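Report on one structure; see the data block that follows.
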């Protein structure tokens, strides 16, 4: 027994020593950041995590807590979790400093979590998750032609075609009685659009309820939320979900691999191919001096496939949700669409520029309901923002959702008011960034808003819609922000009084 007791006592002593050293380390980290305002910590080790976990357990939106903290503690707020301290920056000055300059990279710990989902490569080193600035810059430069004005103008035919397919599906149920989940329909049409214009794929998810792609995208978005929970991959009750998430990632990457191989063969055979995202991905690989990197090509395929439809779908859903509660705004929109588009079926690129009030409505929707709430950066040097000293080597969190709902930045912030974005209104400099800002801003933002305008203009042109009562108008965080209960509507055909059909 004595022989056994000695090693146990040694292990206990080593454990106590390590624990004591860790306590000292946590205390030293606290000392480094305690000059920065923040809510009281729930515990020395867990910091603010218990507060956040309780909200997640109740399915509440954590970002609403951050709004309270911003109002109470000011433009820079401290968040503690074990030995890590992150700072939330709700200051236009801070946004300008950290998002507009390339010297502040994306946060490694956060974005490394998107490299793989539960051990299965997900976004890898694609444009969103790439942490190496030189490698990202090379990829971005190669992708830029697929998002040029000239190329985007050429997409109007596909935007119109897919939006028309959606209208025909809606017409089948537009009897004023049938309840329809608009969010589901928007998800399918934006998925069909990105598949066609980016990769030359015809998914036809609007017509095929059995296609696995909508479910696969939904599962990977759940995966992005689940990985935030500590030790989730070891929880017995989560194993079935994790397996399905991994299978969904593999399905998307498998589809991408097949798509890339078919396009590569077409190019090698001298066939004419569209200058779409897929072609740019292949050109990018060919431009690399290194050996062929199929995995990086798949990273970008999955990045554009997921991000290229999810955010636009959510924006459209939130916009319709708000318009169902804003009859005066809806009336103005109907008048504008009747004036600009009339009864014609094909919306022209020039029409999009004339739909000015619709642009304002879509921007206001992004202010209140940004599908991606913000972004995260890393600062390697000390700085001062609004009198608050920011230590070096710190994770910085920026939330367009929080800043868009602060009274000091937007008057009466919870009111849906598209006139905030009228030509003569003051510009919300560095307090509104639904597509991020600076060099790492979203490459597809113009693409997204063109698509959103075409779909919304056709919907407004053809239908009256009424929200079904007793549904929630709250936000659900499922990797991106979306309406918690979907957007359930009843539709009726509209009589168009102006213009002619082409």
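The values are calculated or read from the model by the stated rules, or taken from the named source; none is laboratory data. Note that the coordinates shown come from a computational prediction; the quantities given were computed from them, not determined experimentally. In this analysis, Cβ positions are derived from the backbone assuming ideal geometry, glycine residues included, and neighbour counts consider all displayed protein chains.
Here is a yes/no grid of residues against (1) surrounded by fewer than 18 Cβ atoms within 10 Å (Cβ to Cβ); (2) under 15 Å from residue 117 (Cβ atoms); (3) within 18 Å of the chain's Cα centre (by Cα):
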| position | (1), (2), (3) |
| --- | --- |
| 217 | no, yes, yes |
| 232 | yes, yes, no |
| 242 | no, yes, no |
| 248 | no, yes, no |
| 263 | no, no, no |
| 300 | no, no, yes |
| 306 | no, yes, yes |
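Kindly list the number of the only condition in (1) in contact with a helix residue (DSSP H, G or I) (Cβ under 6 Å, 6 or more places away or on another chain); (2) over 21 Å from residue 394 (Cβ atoms); (3) in a loop (DSSP other than H, G, I, E, B) that fails for residue 37.
Only one criterion in (1) in contact with a helix residue (DSSP H, G or I) (Cβ under 6 Å, 6 or more places away or on another chain); (2) over 21 Å from residue 394 (Cβ atoms); (3) in a loop (DSSP other than H, G, I, E, B) is unmet by residue 37, namely (2).
Spot the failing condition for residue 182; the list is (1) without any contact (Cβ under 8 Å) to a residue 24 or more places away in the chain; (2) crowded, with 17+ Cβ neighbours inside 10 Å; (3) farther than 24 Å from residue 275 by Cα, and only one is missed.
(1)
Being in contact with a strand residue (DSSP E or B) (Cβ under 9 Å, 6 or more places away or on another chain), modelled with pLDDT of 95 or more, under 30 Å from residue 153 (Cα atoms) and surrounded by 14 or more Cβ atoms within 10 Å (Cβ to Cβ) is true for just one of 375, 395, 379. Which residue is that?
Among 375, 395, 379, only 375 is in contact with a strand residue (DSSP E or B) (Cβ under 9 Å, 6 or more places away or on another chain), modelled with pLDDT of 95 or more, under 30 Å from residue 153 (Cα atoms) and surrounded by 14 or more Cβ atoms within 10 Å (Cβ to Cβ).
Criterion first (surrounded by 19 or more Cβ atoms within 10 Å (Cβ to Cβ) and within 26 Å of residue 150 (Cα to Cα)) does residue 312 satisfy it?
Answer is yes for this residue.
Checking the structure you have, find out if any residue of the range 400-414 is closer than 22 Å to residue 312 by Cβ, touching a strand residue (DSSP E or B) at 6+ places or on another chain (Cβ under 6 Å) and surrounded by fewer than 18 Cβ atoms within 10 Å (Cβ to Cβ).
No, the range 400-414 has no match at all.
Would you mind finding the one in 470, 451 that is more than 18 Å from the chain's Cα centre (by Cα) and either modelled with pLDDT under 95 or farther than 29 Å from residue 227 by Cα (or both)?
470
Let's see how each residue does on (1) surrounded by 21 or more Cβ atoms within 10 Å (Cβ to Cβ); (2) in contact (Cβ under 8 Å) with a residue 40 or more places away in the chain; (3) within 20 Å of the chain's Cα centre (by Cα); (4) under 29 Å from residue 408 (Cβ atoms):
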{"position": "433", "(1), (2), (3), (4)": "yes, yes, yes, yes"}
{"position": "445", "(1), (2), (3), (4)": "no, no, yes, yes"}
{"position": "483", "(1), (2), (3), (4)": "yes, yes, yes, yes"}
{"position": "496", "(1), (2), (3), (4)": "no, yes, no, no"}
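Select the helices (runs of 4 or more DSSP H) contained entirely in the range 90-148, then report the ones holding at least 2 residues which are closer than 24 Å to residue 233 by Cα and under 18 Å from the mean Cα position of the chain (by Cα).
Of the helices (runs of 4 or more DSSP H) lying wholly inside the range 90-148, those with at least 2 residues that are closer than 24 Å to residue 233 by Cα and under 18 Å from the mean Cα position of the chain (by Cα) span 108-112.
Residues checked against (1) crowded, with 16+ Cβ neighbours inside 10 Å; (2) without any contact (Cβ under 8 Å) to a residue 40 or more places away in the chain; (3) at negative phi:
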{"residue": "9", "(1), (2), (3)": "no, yes, yes"}
{"residue": "14", "(1), (2), (3)": "no, yes, yes"}
{"residue": "19", "(1), (2), (3)": "no, yes, yes"}
{"residue": "22", "(1), (2), (3)": "no, no, yes"}
{"residue": "27", "(1), (2), (3)": "no, yes, yes"}
{"residue": "30", "(1), (2), (3)": "yes, no, yes"}
{"residue": "39", "(1), (2), (3)": "yes, yes, yes"}
{"residue": "48", "(1), (2), (3)": "yes, yes, yes"}
{"residue": "51", "(1), (2), (3)": "yes, yes, yes"}
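Can you name the number of the only condition in (1) farther than 21 Å from residue 444 by Cβ; (2) more than 21 Å from the chain's Cα centre (by Cα); (3) buried (at least 20 other Cβ atoms within 10 Å of the Cβ) that residue 321 fails?
(2)
Kindly establish whether residue 233 is farther than 25 Å from residue 143 by Cβ, out of contact with any helix residue (DSSP H, G or I) (no Cβ under 9 Å at 6 or more places or on another chain) and in a helix (DSSP H, G or I).
no
Suppose we keep only residues that are in a helix (DSSP H, G or I) and loosely packed, with under 15 Cβ neighbours inside 10 Å within the range 268-293. Which one would you say is modelled with the lowest pLDDT?
The qualifying residue modelled with the lowest pLDDT is 287.
Listed residues 87, 114, 127; which is touching a residue at least 60 places away in the same chain (Cβ under 8 Å), surrounded by 15 or more Cβ atoms within 10 Å (Cβ to Cβ) and more than 24 Å from residue 305 (Cβ to Cβ)?
87 is the lone residue from the list that is touching a residue at least 60 places away in the same chain (Cβ under 8 Å), surrounded by 15 or more Cβ atoms within 10 Å (Cβ to Cβ) and more than 24 Å from residue 305 (Cβ to Cβ).
Part of a helix (DSSP H, G or I), at pLDDT 90 or above, touching a helix residue (DSSP H, G or I) at 6+ places or on another chain (Cβ under 7 Å) and surrounded by fewer than 21 Cβ atoms within 10 Å (Cβ to Cβ): does that describe residue 158?
Yes: the conditions hold for residue 158.
Is there a residue being more than 20 Å from residue 125 (Cβ to Cβ) and touching a strand residue (DSSP E or B) at 6+ places or on another chain (Cβ under 8 Å) anywhere in the range 203-215?
No, the conditions are met nowhere in the range 203-215.
From the set of residues in the range 57-69 that are out of contact with any helix residue (DSSP H, G or I) (no Cβ under 6 Å at 6 or more places or on another chain) and touching a residue at least 60 places away in the same chain (Cβ under 8 Å), which is nearest to residue 374 (Cα to Cα)?
Going through the qualifying residues, I end up with 61.
Being assigned to a loop (DSSP other than H, G, I, E, B) and surrounded by 14 or more Cβ atoms within 10 Å (Cβ to Cβ) is the requirement here; does residue 70 meet it?
Here the answer is no, as residue 70 does not meet what is asked.
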